[in-house]
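The structure appears right after this line, and notes come after that.
The values are calculated or read from the model by the stated rules, or taken from the named source; none is laboratory data. The structure presented is a predicted model; accordingly, all values stated were derived computationally and were not measured. We place every Cβ from the backbone using ideal geometry, glycine too, and count neighbours over all the protein chains shown.
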Amino acid sequence: MTDESGRKPRQPRQRKQMLLRLDPAVHDALARWADDELRSANAQIEFLLRKALADAGRLPGAARPIPRRGRPPRRPAEGAEGSGHPEGPEDGSRTPNQP
């Protein structure tokens with residue numbers, strides 16, 4: 001399959017899977033830590049491994065960043081640029097949208 005320029009579209013790299021055996025107490029501690037950071041245990045392990053590799057100067061340059069999960073960042077409404085309050089009024093009250 002090719003795109004309009006005649007090139008093949010780039011396929012995302014398949015993520016490697018591996019079995020990891022952990023002491024149950026280590027797994028429980030890791031799961032609690034991941035929960036505190038709003039990550040899955042798997043994402044926490046990858047985060048920690050990447051950090052350890054980077055700290056040791058062994059993170060390959062070809063390693064892609066960890067994909068962001070969850071809700072995308074909020075974009076300001078049109079005409080609201082420079083208002084200084086992208087989240088709304090300081091008192092937290094919201095006014096309904098007017099037609």
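Computed quantities for the displayed model
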quantity: Breaking point among (1) assigned to a loop (DSSP other than H, G, I, E, B); (2) at pLDDT below 95; (3) not hydroxyl-bearing (Ser, Thr, Tyr), for residue 21; calculated: (2)
quantity: Residue within the range 61-73 that is modelled with pLDDT of 75 or more and touching a helix residue (DSSP H, G or I) at 6+ places or on another chain (Cβ under 8 Å) present; calculated: yes
quantity: Lone qualifier among 94, 50, 58 - being at pLDDT 75 or above and in a loop (DSSP other than H, G, I, E, B); calculated: 58
